[in-house]
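Student: Could you have a look at this structure, given as structure tokens, before my questions?
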Amino acid sequence: MDAGMIWEWIIKSIFLILFMTGGFAYVTLLERRVLARMQVRIGPNRVGKFGLLQPIADAVKLIFKEELIPAGADKLMFIVAPVITVIPALIITGVIPWGTSINLFGREIALSIANVNVGVLYIMAVTSISVYGITLAGWSSNNKYAMFGGLRSTAQMISYELALGLSLVGPILLAGSMNVMDIVQAQKTLPFALLQPAGFIVYFMATLAEINRAPFDMPEAEQELTAGYHTEYSSMKFALFFMAEYIKMIAVAMIGSTMFLGGFQGPFVDQLPWLGPVYLFGKVIVWLFVDIWIRATLPRIRYDKLMALGWKVMYPIALLNVFITGILVVLTTKR
Amino acid sequence: MTTLQIVFLIIAAITLVSACLVVMTRKIMHAALWLVLSLMGVAMVYATLQSGFYAVVQVLVYIGAISTLIIFAVMMTRNVMEDVGPQSNRGWGLALVGSLILFAGTSAILLTWDKAQTVLQEIPAVNGENIQMLGLALVDPMGFLIPFEVASVLLLAALVAAIFLTADIKRSRS
């Protein structure tokens, strides 16, 4: 392992983190603009051209807000919780390939950070630890609304993780590998969304619940919980929760595009490897647009209905999908 | 001392200190979180042993599932959050002697056993260990099919029992 290799990894990791945080800033803008259009408003358009500098104005505003820590709070946990929320969101896309490899400055550079053979399991593991930050934030605030938000989010995320994990088994079975790169290569002719429609839909709905987006945004239901788990947070600590939510949105869009929509695969990507990241980026934008569209369209569903949907509808469908896919894979494989 | 050994020592220290803090801290929520850190240390030990699969599974099962459930249960029990009173009972001296004997005995055996002295070999794999071999071994009648199935039946029985216990209240009421 030479020094150039280590520098390559460091640069790629820093690029990913900067991309995700930058993406967060502009997804907030995209959401506000798109929501405004759908509600026949204009949305933020005063700061910069088309409101493009709005995220920077928001960041400056948030930095100058007062940092509050409630008197009865568990101080250490209260400060650590936003950090724990952001870190899994930032590292989860480390195994997603952006393309095959490109030639830059005379070096062959692979467009992925980590090409591990348990990539999908890594995604599941990071998803499963992302519940901690929200739970701890809810508990450490010493506020009953925050506490209920934290409890709800824990229950909701644990319930939907099952369906989420099982929906990812379909692509694993079809590709015969847990390596994300292999899964993308297996979708060269046909994206798995067409072979796995049930798995795709379950993945889409489960991720909406997992990242607490509408119509499953129970942990932060304003009308009943003031703001849910981040009621007591202000200034940059609040911004970190906000950031985690939007980064997770980008991350699940990236993972979903990779597992079900063919990732960086597209026309002419073999001849021009630079097109890989472009295709992935395009798919992610479309995915995010659909997320925002759903938020503008559907009302929040009731909490018990949400749990019933997770356990009694999505989980059995995902399980059945795994069985059927397994049987079909065994029957159609040539021996 | 190689870099790997230094890394191992740091990880071992984190794991052991946080394991001790699980029983020494008075706040039950903090104890649960120290347990999480301790389990994370074990996952890191797997990672230093070049077993990415076990490291990830450790995080997924123990930290992602079991510890989350523990924390969920702890959040429901606010009024016994902070325990007061002595943290040890009368038998702590005997327990100390017993655990010291156990530790000394295990160390003596490991120090005299020549296989414990072997230097770790680098695993010749491209991107971590071969998971397909593990998967095939689990469904091979000559491999671990029977233990695997027995474990599955045990888990299924536990699941059925859990459902029965929670559904029992409704039945007695009617």
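Student: Does B:Thr106 meet the test of being more than 14 Å from every other protein chain (Cβ to nearest Cβ), under 23 Å from B:Ile10 (Cβ atoms) and of a type in the set (S, T, N, Q)?
Tutor: Spelling it out, B:Thr106 is indeed more than 14 Å from every other protein chain (Cβ to nearest Cβ), under 23 Å from B:Ile10 (Cβ atoms) and of a type in the set (S, T, N, Q).
Student: Continuing with this model, one more query. Just name the residue that is farthest from the chain's Cα centre (by Cα) out of those in the stretch A:169-219 that are in a loop (DSSP other than H, G, I, E, B) and of a type in the set (Gly, Ala, Ser).
Tutor: Applying the filter and picking the extreme gives A:Gly176.
Student: Considering each residue of the stretch A:91-146, count those that are assigned to a loop (DSSP other than H, G, I, E, B), open to solvent by less than 30 Å² (accessible area, probe 1.4 Å) and within 25 Å of A:Ile14 (Cβ to Cβ), and give that number.
Tutor: 6
Student: Can you pull out every residue in the stretch B:42-51 that is more than 12 Å from chain A (Cβ to nearest Cβ) and more than 11 Å from B:Ile63 (Cβ to Cβ)?
Tutor: Matches in the stretch B:42-51: B:Met44, B:Val45, B:Thr48, B:Leu49.
Student: Just need a number here: residues in the stretch A:256-315 that are among the acidic types (Asp, Glu) and within 16 Å of the chain's Cα centre (by Cα).
Tutor: Of the residues in the stretch A:256-315, 1 are among the acidic types (Asp, Glu) and within 16 Å of the chain's Cα centre (by Cα).
Student: Here's another thing I want to ask about it. Could you pull out every one of the helices (runs of 4 or more DSSP H) wholly within the stretch A:230-335 that has 3 or more residues that are in contact with a helix residue (DSSP H, G or I) (Cβ under 8 Å, 6 or more places away or on another chain) and open to solvent by less than 30 Å² (accessible area, probe 1.4 Å)?
Tutor: A:235-260, A:275-297, A:315-332
Yes or no, residue by residue, for (1) over 30 Å from A:Ala175 (Cα atoms); (2) modelled with pLDDT under 85; (3) not assigned by TED's automatic domain parsing to the domain that holds B:Tyr54:
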| position | (1), (2), (3) |
| --- | --- |
| B:Ala108 | yes, no, yes |
| B:Asp114 | yes, yes, yes |
| B:Thr118 | yes, yes, yes |
| B:Ala125 | no, yes, yes |
| B:Phe144 | no, no, yes |
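Student: In the stretch B:58-74, which residue that is more than 7 Å from every other protein chain (Cβ to nearest Cβ) and hydrophobic (A, V, I, L, M, F, W, C) is least open to solvent (accessible area, probe 1.4 Å)? Even if it seems obvious, please write down each step before you answer.
Tutor: Applying the first criterion (more than 7 Å from every other protein chain (Cβ to nearest Cβ)) to the stretch B:58-74 yields B:58, B:61-62, B:66-67, B:69-70, B:73-74.
With hydrophobic (A, V, I, L, M, F, W, C) added as a condition, the list becomes B:61, B:66, B:69-70, B:73-74.
Values: B:Val61: 62, B:Ile66: 75, B:Leu69: 99, B:Ile70: 65, B:Ala73: 56, B:Val74: 13 Å².
So, considering only residues that are more than 7 Å from every other protein chain (Cβ to nearest Cβ) and hydrophobic (A, V, I, L, M, F, W, C), the one least open to solvent (accessible area, probe 1.4 Å) is B:Val74.
The values are calculated or read from the model by the stated rules, or taken from the named source; none is laboratory data. Bear in mind that the values here come from a model prediction, so they are computed numbers and not experimental data. Cβ sites come from the backbone with ideal geometry, for glycine too, and all protein chains shown count toward neighbours. Note: areas computed on protein heavy atoms with side chains; ligands, DNA, RNA excluded. Shrake-Rupley method; radii C 1.70, N 1.55, O 1.52, S 1.80 Å.
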